[in-house]
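Trainee: Quick one: structure below, then a few questions.
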Amino acid sequence: MDDDKRPPVLAHQRFAAARESYHGLSLAERFQQIHATNLWGADPSKSGLGSEDAATAALRQQLPSVLQTLGTHRLLDAPCGDAVWINRTDLNVD
């Protein structure tokens, strides 16, 4: 998507402002810099505003019972974040 067509999201605005500082860095180095500077702007999670306590409250409350109802014993979290909220949630699964 073209930058001029993106909705004004804090993470995108911060990345666009810091774009030059990422040139020449490997993907791992970019993620390290994003994490170190909390570029996405969320506390306590550095994964962005959708990972904050308020944003995950309903999910953290309802997911354990949904997994239990489904008889789930294993859950694969294919992360794109820092796993702050899921690590604080008692899911009772491997």
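Trainee: Does K5 satisfy the condition of being of a type in the set (K, R) and closer than 17 Å to C80 by Cβ?
Mentor: Details: of a type in the set (K, R): yes; closer than 17 Å to C80 by Cβ: no.
No, not satisfied.
Trainee: Right, another one. Could you tell me which of the residues A28, A36, A57, A17 is without any contact (Cβ under 8 Å) to a residue 24 or more places away in the chain, farther than 30 Å from K5 by Cα and outside any loop (DSSP other than H, G, I, E, B)? Give the steps one after another, and end with the answer.
Mentor: Working: A28 fails: farther than 30 Å from K5 by Cα; A36 fails: farther than 30 Å from K5 by Cα; A17 fails: farther than 30 Å from K5 by Cα.
That would be A57, the only listed residue that is without any contact (Cβ under 8 Å) to a residue 24 or more places away in the chain, farther than 30 Å from K5 by Cα and outside any loop (DSSP other than H, G, I, E, B).
Trainee: Would you say L91 is part of a loop (DSSP other than H, G, I, E, B), among the hydrophobic types (A, V, I, L, M, F, W, C) and modelled with pLDDT of 85 or more? Let's see the steps before the verdict.
Mentor: On the way: part of a loop (DSSP other than H, G, I, E, B): yes; among the hydrophobic types (A, V, I, L, M, F, W, C): yes; modelled with pLDDT of 85 or more: yes.
Yes: the conditions hold for L91.
The values are calculated or read from the model by the stated rules, or taken from the named source; none is laboratory data. Keep in mind the model is a prediction, meaning the values are calculated, not measured. Here Cβ is always computed from backbone atoms with ideal geometry, including for glycine, and neighbour counts include all displayed protein chains.
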